[in-house]
Amino acid sequence: MSATATETESEFRGFGIDRPGGRLAVIDLSDGEPGPEAPVVIAVHGITANGLSWLCVADELSRRRGPGSVRFLAPDLRGRADSRAMSGPYGLGAHADDVLAIADSVRTRPVLVGHSMGAFVTALASARAPERVAGSVLVDGGFAFPPPAAFDIDAALTAVLGPAMARLSMRFDSPDAYLDFWRPHPALGPALSGPRAAEVVRYALHDLVQTDDGDWVSSCVLDAIRADGAGVLGDAEAHAGAATAAVAGVPTEFLWAPRGLQNEAQGLYDEGRIAALGLPAEILVTPIPDVNHYTAAFDANGVTAVVDAIERRLDAD
């Protein structure tokens, strides 16, 4: 396999951290040159996503606070994009420990931000080491409902993720063909031609790797996706992570999207489902108006809500 379609290693600053299974790639989305004592944000992407899903959030945070004011780090989780060569262990616990290793590499306690599966990872990392993080922002993820006693992980992931899962076994003639695959997607497709199209295209293409045959495939390692999906559906420690961290004193915010992964009217969460979770009073819960699961990280409403939450945590620390 060759480099990713966007050649992220040369386009963005970054670094690697040696971890069990290989070297974790961390993209530095900071604007300017933050000093060693600058506050740090570590942003964790979703199950088949990559670190460039945070481009819009990082840009808005820098616009508000100024270049060099915040260090914004976004890893490609093991089994994706520039960390695709990392072997197992996979699963939410491995990702949480990887995130804490990034936290240990900086001088200040970071604010952790996670979207979708990344919210579960963020919650679990915060629960495992509450003294090492300054706060936790969970975006349309991090809370789950008990799965059936027996379930087929591939069937469950396909049912929930739809095209995002189907693409993992597909080959594409070119990066443009890959974008064409996404354009009809009811949730992500419109963002490819929206106000932040340039950032969304960069994010989408960072998933691609070219094969020795010259075609293009998703960088996601299927075994990693399966292990992580099983964790999202059934990892009791991760499911309890946000509540555990909040009770332990980690300031925690939960932002949820009203529409779902296919832009359907019923999202992953609603007021009734959230009430049924019985969350601790310490967790601040906020709906993001008029976004779906994907555009919570790209749309102006989503970016504003996420950056508002990050700033509350940065200002409080």
Within the stretch 200-217, restricting to residues that are more than 20 Å from residue 262 (Cα to Cα), touching a residue at least 24 places away in the same chain (Cβ under 8 Å) and out of contact with any Ser or Thr (no Cβ under 7 Å at 6 or more places or on another chain), the one that is surrounded by the fewest Cβ atoms within 10 Å (Cβ to Cβ) is 212
Practice item. Determine whether the stretch 13-31 contains at least one residue that is more than 21 Å from residue 126 (Cα to Cα) and among the aromatic types (Phe, Trp, Tyr). Key: yes
Per the filter on the stretch 236-251, residues open to solvent by less than 40 Å² (accessible area, probe 1.4 Å) and outside any helix (DSSP H, G or I) are 250
Among the residues of the stretch 112-139, the number that are of a type outside the set (A, V, I, L, M, F, W, C), open to solvent by 10 Å² or more (accessible area, probe 1.4 Å) and over 18 Å from residue 51 (Cα atoms) is 4
* Taking residue 62 as the residue in question, decide whether it is within 24 Å of residue 205 (Cβ to Cβ) and either crowded, with 24+ Cβ neighbours inside 10 Å or among the acidic types (Asp, Glu) (or both). => no
When the stretch 252-284 is checked residue by residue, the ones that are buried (at least 19 other Cβ atoms within 10 Å of the Cβ) and in a helix (DSSP H, G or I) are none
Checked 174, 193 against criteria (in contact with a strand residue (DSSP E or B) (Cβ under 7 Å, 6 or more places away or on another chain), more than 21 Å from residue 276 (Cα to Cα) and open to solvent by 30 Å² or more (accessible area, probe 1.4 Å)); the one match is 174
Of the candidates 85, 49, 96, the one satisfying the condition of being at pLDDT 95 or above and open to solvent by 20 Å² or more (accessible area, probe 1.4 Å) is 85
Among strands (runs of 3 or more DSSP E) entirely inside the stretch 10-104, those with 2 or more residues being in contact (Cβ under 8 Å) with a residue 60 or more places away in the chain and on the phi < 0 side of the Ramachandran plot are 13-19, 22-28, 40-44
Within the stretch 19-40, restricting to residues that are open to solvent by 70 Å² or more (accessible area, probe 1.4 Å) and under 16 Å from residue 95 (Cβ atoms), the one that is nearest to the chain's Cα centre (by Cα) is 23
One residue is enough: does the stretch 140-163 have a residue meeting the conditions in a strand (DSSP E or B) and either open to solvent by 50 Å² or more (accessible area, probe 1.4 Å) or at pLDDT 95 or above (or both)? no
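The values are calculated or read from the model by the stated rules, or taken from the named source; none is laboratory data. Because the structure is a prediction, the values reported are computed rather than measured. A quick note on method: Cβ atoms are made from the backbone with ideal geometry, for glycine too, and the neighbour counts reach across all protein chains shown. All accessible areas refer to the heavy atoms of the entire protein, side chains included, with ligands and DNA or RNA removed. Shrake-Rupley method; radii C 1.70, N 1.55, O 1.52, S 1.80 Å.
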